[in-house]
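**Q** Got a structure here, written out as structure tokens. Questions coming.
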Amino acid sequence: IEVSGITFTHDGKVILRDVDLNIEKGKKYLVRGPSGSGKSTLISLLSRTYDDYSGRILVDGTDLRFVSEEDFNRHTAYIYQDVFLFEDSLRENIALYKDFTDEEVLNAARASGLEDFLSRMPEGLDTRIEENGKNLSGGERQRISIARAVIRKPDILFADEITSAMDEELGRKVEETVLGLDTTVVAVSHRFYSGISDKYDAVLE
């Protein structure tokens, strides 16, 4: 992804001005800075949420505005801070009612750090998740969100402040999980975990 001279204005206020950056396939990028500095806005531009900007965003040489939404969504996935869970099995909460095999769901769960959770649950993928995950810890909820993204095998993964509501120990574990995924990652965070966040290929301040 090549970003050239991007300027974005919202309600008459310039949020981003003349931004240039390159995102290389397979690398991990951390976008950090204080609240209101434009971190989430940058993610929204890269993920086609906004397109009323000046400048250019090219994906493999093609202007992002001319890439079909369906095509773009097929190659990208998102992890958010707030996770909505269904009152259903762990399997369906990961697969989101799509036709994935048990092996694919298990592989996504393991890649997302849910192996310990599964080993404690005699019903495995049939484990019942209570309404909005009331029977899960914050870390388990977030890992299900990661598994939802992983199972789609995205080329690009966007993660927006996914550890902001966690204590440091849990935040470190979840961030390490994201950094271990075999995909391009663009993550927004106002936190920096020494020894973990250093593993990003680049930090955009």
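**Q** For the structure I just gave you, tell me whether LEU16 is part of a strand (DSSP E or B) and either touching a strand residue (DSSP E or B) at 6+ places or on another chain (Cβ under 8 Å) or farther than 17 Å from ASP160 by Cβ (or both).
**A** Here the answer is yes, as LEU16 does meet what is asked.
**Q** Determine whether the range 63-81 contains at least one residue that is open to solvent by 20 Å² or more (accessible area, probe 1.4 Å) and under 15 Å from GLU140 (Cα atoms).
**A** Within the range 63-81, one or more residues are open to solvent by 20 Å² or more (accessible area, probe 1.4 Å) and under 15 Å from GLU140 (Cα atoms).
**Q** Can you tell me which residue is nearest to LEU204 (Cα to Cα) among those in the range 8-31 that are open to solvent by less than 80 Å² (accessible area, probe 1.4 Å) and touching an Asp or Glu at 6+ places or on another chain (Cβ under 6 Å)?
**A** Applying the first criterion (open to solvent by less than 80 Å² (accessible area, probe 1.4 Å)) to the range 8-31 yields 8-9, 12, 14-16, 19, 21, 23, 26-31.
Now narrow it down to the ones that are touching an Asp or Glu at 6+ places or on another chain (Cβ under 6 Å): 27-28.
On the way: LYS27: 13, LYS28: 11 Å.
Top of the filtered list is LYS28.
**Q** Using the structure shown, decide if GLU175 is at positive phi and either of a type in the set (Val, Ile, Thr) or under 11 Å from the mean Cα position of the chain (by Cα) (or both).
**A** No, not satisfied.
**Q** Also: Can you pull out every residue in the range 164-203 that is over 20 Å from THR76 (Cα atoms), crowded, with 18+ Cβ neighbours inside 10 Å and in contact with a Ser or Thr (Cβ under 7 Å, 6 or more places away or on another chain)?
**A** Result: GLY171, single match.
**Q** Here is a check on your reading of the model: is ARG65 outside any strand (DSSP E or B), of a type in the set (Lys, Arg) and in contact with a helix residue (DSSP H, G or I) (Cβ under 8 Å, 6 or more places away or on another chain)?
**A** no
**Q** Can I ask one more? Taking the options GLY33, GLY55, name whichever one is modelled with pLDDT under 95 and of a type outside the set (A, V, I, L, M).
**A** GLY33
The values are calculated or read from the model by the stated rules, or taken from the named source; none is laboratory data. Small disclaimer: the values here were computed from a predicted structure and weren't measured. FYI the Cβ positions are ideal-geometry reconstructions off the backbone, even for glycines, and counts take in every protein chain you see. Remember, those area values only see protein heavy atoms, side chains included, never the ligands or the DNA or RNA. Shrake-Rupley method; radii C 1.70, N 1.55, O 1.52, S 1.80 Å.
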